[in-house]
Amino acid sequence: MDTANFISLEIFLRDELQVSEGQNEIFTACLSGLTSRVRFLVAKYGYDVINARNKNGESPFTYAGLGGSVECVELLINEF
């Protein structure tokens, strides 16, 4: 996913997620399959970002699955 699409996706999700800084970004990164970004966000904000939930109770793990990112799903399961 290119940078412009990533930013557009993040803006689109911002209202939908209603989460704090860093948490919004991890949902977007998981949905987009950006595993290196997920690792970076966990390093920056800590493991709490992994446990984030949106207003519907969905987690970054859910978004990784919705995005079809097996790599992100495995990362979230195995490393965190």
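Of all the numbered requirements in (1) part of a helix (DSSP H, G or I); (2) at pLDDT below 85, residue 19 misses one, and that requirement is (1). The single condition among (1) touching a helix residue (DSSP H, G or I) at 6+ places or on another chain (Cβ under 9 Å); (2) open to solvent by less than 30 Å² (accessible area, probe 1.4 Å); (3) at pLDDT below 85 that residue 46 does not meet is (1).
For residues in the range 50-68 being over 15 Å from residue 34 (Cα atoms) and not basic (Lys, Arg), which is surrounded by the fewest Cβ atoms within 10 Å (Cβ to Cβ)? Checked the range 50-68; the qualifying residue surrounded by the fewest Cβ atoms within 10 Å (Cβ to Cβ) is 57.
Restricted to the range 22-80, the set of helices (runs of 4 or more DSSP H) holding at least 1 residues that are among the charged types (D, E, K, R) comprises 23-32, 35-45, 70-78.
The values are calculated or read from the model by the stated rules, or taken from the named source; none is laboratory data. These numbers were taken from a predicted model, which means no experiment stands behind them. Glycine also receives a Cβ, built like all others from the backbone with ideal geometry; neighbour counts cover every protein chain displayed. Surface areas here come from the heavy atoms of the whole protein model, side chains and all, with no ligands, DNA or RNA. Shrake-Rupley method; radii C 1.70, N 1.55, O 1.52, S 1.80 Å.
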